[in-house]
1. Is there a residue being crowded, with 16+ Cβ neighbours inside 10 Å, not in a loop (DSSP other than H, G, I, E, B) and not basic (Lys, Arg) anywhere in the range 77-93?
2. Conditions: (1) under 15 Å from the mean Cα position of the chain (by Cα); (2) touching a residue at least 24 places away in the same chain (Cβ under 8 Å). LEU5 meets all but one. Number of the miss?
3. Which residues, taken from the range 50-66, are surrounded by 14 or more Cβ atoms within 10 Å (Cβ to Cβ) and in contact with a helix residue (DSSP H, G or I) (Cβ under 9 Å, 6 or more places away or on another chain)?
4. When you go through (1) hydrophobic (A, V, I, L, M, F, W, C); (2) in contact with a Leu (Cβ under 7 Å, 6 or more places away or on another chain); (3) closer than 30 Å to ALA82 by Cβ one by one for ILE4, which number turns out not to apply?
5. Can you tell me how many residues in the range 50-80 are in contact (Cβ under 8 Å) with a residue 60 or more places away in the chain and within 14 Å of LEU15 (Cα to Cα)?
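Laboratory data are not the source of any read-out in this text; all were calculated from the coordinates shown. As the structure is a prediction and not an experimental result, all values here were calculated from the model. Heads up, the Cβs are rebuilt from the backbone with ideal geometry, glycines too, and the neighbour counts pull from every protein chain shown.
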Amino acid sequence: MTRILFAPFSALGGLLAGLLGKRVFAAVWSLIDKEEPAQPEHRDAPWSKVVLALSLEGAVFRTVRGVVDRSMRVAFYTLTGAWPGEKKPDPTHE
């Protein structure tokens, strides 16, 4: 039941994370290079810039998504008293 009630929080969190992730990545990239981030479809982009841009973008998006997800879970718990997920990691996955 908690999972169903948490679904709207999760959907809203996903949208927020996407918007925030784009802004954070753009801000971080502007500190690295004045040009737009190199993408795989850019023919003349050096491999080093493509790999750096993709790696940084992935790290930023994953971090922002995790922070937003955790924040939404804390907000849900504060409102309902029910935690939407496990209390701690499963020890069998080591």
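1. No, the range 77-93 contains no residue that is crowded, with 16+ Cβ neighbours inside 10 Å, not in a loop (DSSP other than H, G, I, E, B) and not basic (Lys, Arg).
2. Unmet for LEU5, out of (1) under 15 Å from the mean Cα position of the chain (by Cα); (2) touching a residue at least 24 places away in the same chain (Cβ under 8 Å): (1).
3. LEU52, ALA53, LEU56, GLU57, VAL60, PHE61, VAL64, ARG65
4. Among (1) hydrophobic (A, V, I, L, M, F, W, C); (2) in contact with a Leu (Cβ under 7 Å, 6 or more places away or on another chain); (3) closer than 30 Å to ALA82 by Cβ, ILE4 violates only (2).
5. 1
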